[in-house]
Amino acid sequence: MTRFAILASGSGSNAEALMKAAEAGIIPAEAALVVTDKPNAGVCERAARYGVPVAAFQPKTYETKAAFEEAVVHELKQRDVDWLFLAGYMRIAGEVLLTAYPGRMVNIHPSLLPAFPGKDAIGQAVAHGVKVSGATVHFVDAGIDTGPIIAQTPVPIDEGDTLTDVTARIQQAEHELYPKTAAQLIQEERKRVGV
Ligand code: GRF
């Protein structure tokens, strides 16, 4: 059975969408671990509800970013994790993580990349008055939301929409797009290797 981990720093609504889809068999893989850099993040409670173990790492207790990521990778390898899905993980992946999971580290971002990378993507889109934004799933590289795009969903922004309206609509799109795309990636890989 393919195993994936979720890296998250926040409320974990996308993490939950992935755990739920795995539990339902929509993603043909097991949610093996949630890794967080914020031990009090909402994602921990959500993981507990799905019986998924949580490993919390405090980056500031490590001397270097590489040492922090080595500890994370050690835990991931111990648990035979094949894929990493970043879901609101508020750190830039460093060399150690990138080298450990080449082509198997994926992120979701709440805009139609390459528009509005980085923080507050939804706020930026609303402030610019764009008529369409959306959600993007992409492979992770060393940049901020710059890796190759895998899938996107457009989300309309209507006259008079508040930030709250747009956020809710984009989040809903994310919760559909991420599990669907994760399932496709894992299925495609299983076909490739003949499982
Ligand atoms: C999502 O909008 C995701 O696209 C971005 O961070 C947010 C995390 O939200 N990378 P949640 O913690 O999954 O609710």
Neighbour-count order for Val72, Val54, fewest beta carbons within 10 angstrom listed first: Val54, Val72
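If you count the DSSP beta bridges with both ends in the range 3-193, what percent of them are antiparallel, to the nearest 5? If you can, show how the numbers build up before the last one.
Numbers: 11 of 27 bridges.
Of those bridges, close to 40 percent are antiparallel.
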Which value, to two decimals, describes the C-alpha radius of gyration of the range 11-103 once divided by 2.2 N^0.38 Å? 1.06
If you average over every viewing direction, what projected area does the convex hull of the Cα atoms of the range 99-195 give, in nm²? 6.5 nm²
Quick check: the distance between the Cα centres of the range 102-127 and the range 17-54, to the nearest angstrom? 22 Å
Identify which of Lys20, Lys77, Lys180 has the largest mean-square fluctuation in a Gaussian network model of the chain, with springs joining Cα atoms closer than 10 Å. Lys77
To make sure I understand, if each residue's beta carbon is the centre and we count other beta carbons within 10 Å, what order do Met90, Met105, Met19 fall in, fewest to most? Met90, Met105, Met19
Return Phe57, Phe68, Phe4 ranked ascending by Cβ neighbour count within 10 Å, so the fewest neighbours appear first. Phe57, Phe68, Phe4
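Taking Cα atoms of the chain, Rg/Rh with Kirkwood Rh, to two decimals? Write down the numbers at each step before the final one.
Numbers: Rg = 16.4 Å, Rh = 17.0 Å.
That ratio is 0.96, to two decimals.
Assign unit charges at the C-beta atoms only (+1 for Lys and Arg, -1 for Asp and Glu), then state the dipole size of the range 1-92 relative to its Cα centre in Debye, rounded to the nearest 20.
On the way: 10 positive and 11 negative charges, 38 e Å.
So the dipole magnitude of the range 1-92 works out to roughly 180 debye.
Can you name the helices of the chain, as whole DSSP H runs, whose Cα span along the helix axis is 18 Å or more and whose Kyte-Doolittle mean is not below -1.0? Don't jump to the answer; show the numbers that get you there.
Values: long enough: 65-78 (20 Å, -0.33); 163-193 (44 Å, -0.81).
Span-like helices in the chain: 65-78, 163-193.
Values quoted throughout were computed directly from the atomic coordinates according to the rules given, and no laboratory measurement underlies them. What you see is a predicted model, and the numbers here were worked out from it, not measured in a lab. No Cβ is skipped: glycine too gets one built from the backbone with ideal geometry, and neighbour counts run over all protein chains shown.
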